[in-house]
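Student: Supplied in structure tokens, the structure appears directly below.
The values are calculated or read from the model by the stated rules, or taken from the named source; none is laboratory data. Since we're looking at a predicted model, the values are computed, not measured. Cβ placement follows ideal geometry from the backbone for every residue including glycine, while neighbour counts extend to all protein chains displayed.
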Amino acid sequence: MLSAAASPPRMVTLVLLSALSVLSLNMFLPSLSNIAEAFQADYALVNLSIAGYAGTTAVLQLIMGPLSDRFGRRPVLLAGLVIFILASLGCLLATSIWVFLIFRMLQGAIICGWVLSNAVVRDMVPAREAASLMGYLAMAWAVAPMLGPTFGGVLDGLFGWRASFLAFVGFGVAILGLCWVDLGETNKKPAATFVKQFQSYPELLRSRRFWGYALCMAFSTGAFYAFLGGVPLVAKTVLALSPATLGIYMGTISVGYMLGSFLSGRFAARYPLTTMMISGRIVACAGLTVGLVLFLAGFVNVISLFGATVFVGLGNGLTMPSGAAGAMSVRPALAGSASGLSGALMVGGGAVLSSITGAILTEENGAYALLGMMLFSSLMALLAALYVRRIDQH
């Protein structure tokens with residue numbers, strides 16, 4: 001029998017664990033239209049597999065963060081992986097849209113991989129070094145969403161949409177085994193009781209700096225969720241792309257994210273956290289503005305759309321590692337709770353923006369509404385980053 005790990009994990013374990021949490025979000029997206037046809041359901045209802053999933057992960061992060069501060073990172077991570085495996089099996093075997101959506105929501109347990117990997121890094125190193133490590137970590141994570149839609153589109157074309165969920169089962173089992181043997185506990189000072197933990201929780205909630213970091217990450221991620229919620233419809237009705245081709249183009253936003261994360265890894269340890277965050281927001285807003293202007297000028301093509309969204313990925317790669325490190329450094333003893341709360345705001349805001357995007361998009365306004373929502377979200381993130389800078393200057 002494989003012995004349980006007793007030492008901190010290697011970076012490759014955190015990379016793969018986090019990658020699975022990202023992969024579960026977008027690998028099956030090229031199949032959304034086929035899932036709607038298979039269950040004879042409206043596209044808006046099937047779109048709940050994104051928005052509802054995001055809402056579920058928002059709630060789970062509020063629970064998982066404090067649980068990991070109290071009981072440790074390792075047991076919460078292992079439990080989340082087991083639930084994810086069972087939920088993926090449920091999606092695979094679903095015979096109705098409602099059964100599918102229920103198990104899809106339960107798949108959200110894998111969000112522990114992203115939330116607690118960040119907390120594990122912050123357990124081991126100081127804030128700026130954590131931001132740098134998270135940058136390199138995020139660069140590796142970007143490979144999963146970059147390849148995920150392409151892989152999912154190919155699986156759909158060869159074997160049907162259920163093949164993606166069979167793959168999730170296999171991935172989950174493999175990562176569970178890896179975490180069992182390599183991910184030892186890093187929370188060396190867990191809270192004695194939940195009462196003691198939650199007595200210090202208001203200190204985090206009253207911090208203006210924490211809310212600035214968290215809202216910047218929430219709106220930055222909101223632009224990405226708006227993209228996920230709207231681009232399948234735009235690709236099909238405006239650009240006439242097949243699921244497999246859409247999967248390839250959807251990976252471009254992750255190319256930008258990988259480059260931005262690499263730059264974070266190189267420079268985050270040298271510059272203030274807010275400098276990295278503001279730089280990322282300016283890049284994202286500039287790219288989306290250019291894309292929207294091109295569409296309004298009549299240049300309606302894949303380059304105008306996906307070229308603009310590459311800059312969203314680049315900006316998010318510059319912003320997110322520093323934002324996460326900053327949020328967890330406000331109250332280091334509550335790193336897990338801070339990661340969970342900021343993560344909940346991220347995906348909760350993403351769920352709202354994804355739902356709004358899906359509701360307002362039509363065949364007539366699709367591309368304009370999509371880029372407009374992404375630009376709005378990126379501008380709000382810029383304002384939040386500037387707010388943190390202002391607090392730091394006083």
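Student: Against the condition crowded, with 24+ Cβ neighbours inside 10 Å and touching a residue at least 24 places away in the same chain (Cβ under 8 Å), how does GLY358 come out, does it pass?
Tutor: On the way: crowded, with 24+ Cβ neighbours inside 10 Å: no; touching a residue at least 24 places away in the same chain (Cβ under 8 Å): yes.
No; evaluated as a whole, the condition is false for this residue.
Student: A further question on this structure: So for segment 201-209 (the condition being among the basic types (Lys, Arg) and assigned to a helix (DSSP H, G or I)), does at least one residue qualify? Before the answer, list the steps.
Tutor: Here is the first cut: in segment 201-209, the ones among the basic types (Lys, Arg) are 206, 208-209.
Retained after the next criterion (residues that are assigned to a helix (DSSP H, G or I)): 208-209.
Scanning segment 201-209, I find at least one residue that is among the basic types (Lys, Arg) and assigned to a helix (DSSP H, G or I), so the answer is yes.
Student: A further question on this structure: Select from segment 226-248 the residues that are in a helix (DSSP H, G or I), at pLDDT below 75 and aliphatic (A, V, I, L, M) and list them in ascending order.
Tutor: Answer for segment 226-248, where residues must be in a helix (DSSP H, G or I), at pLDDT below 75 and aliphatic (A, V, I, L, M): just ALA244.
Student: How many residues, within segment 70-102, are farther than 18 Å from VAL169 by Cβ, over 23 Å from the mean Cα position of the chain (by Cα) and without any contact (Cβ under 8 Å) to a residue 24 or more places away in the chain?
Tutor: Here the count works out to 1.
Student: Of the numbered conditions (1) among the hydrophobic types (A, V, I, L, M, F, W, C); (2) at pLDDT below 80; (3) touching a Phe, Trp or Tyr at 6+ places or on another chain (Cβ under 9 Å), ALA130 satisfies every one except a single condition; which is it?
Tutor: Failed condition: (3).
Student: Among (1) closer than 30 Å to SER68 by Cα; (2) outside any helix (DSSP H, G or I), which single condition is MET276 missing?
Tutor: Status for MET276: all satisfied but (2).
Student: With respect to ALA344, is the statement that it is in a helix (DSSP H, G or I), more than 24 Å from PRO126 (Cβ to Cβ) and among the small types (Gly, Ala, Ser) true? I'd like the intermediate steps shown before the answer.
Tutor: Details: in a helix (DSSP H, G or I): yes; more than 24 Å from PRO126 (Cβ to Cβ): yes; among the small types (Gly, Ala, Ser): yes.
For ALA344, the condition - in a helix (DSSP H, G or I), more than 24 Å from PRO126 (Cβ to Cβ) and among the small types (Gly, Ala, Ser) - is met.
Student: A follow-up question, please. Within segment 249-300, take every residue that is modelled with pLDDT under 85 and of a type in the set (S, T, N, Q) and give me the one that is farthest from SER220 (Cα to Cα).
Tutor: THR252
Student: Still on this structure, please answer the following. Enumerate the helices (runs of 4 or more DSSP H) found wholly within segment 1-119, keeping only those where 1 or more residues are touching a strand residue (DSSP E or B) at 6+ places or on another chain (Cβ under 6 Å) and surrounded by 23 or more Cβ atoms within 10 Å (Cβ to Cβ).
Tutor: Values: elements: 11-26, 32-39, 43-46, 48-71, 73-93, 97-106.
Counting at least 1 such residues, we get no helices (runs of 4 or more DSSP H) at all.
Student: So THR275 clears everything in (1) more than 26 Å from LEU147 (Cα to Cα); (2) touching a Pro at 6+ places or on another chain (Cβ under 8 Å) except one condition, right? Which one?
Tutor: (2)
Student: For segment 251-270, name all the residues that are in a helix (DSSP H, G or I) and over 16 Å from GLY287 (Cβ atoms).
Tutor: SER261, PHE262, SER264, GLY265, ARG266, PHE267
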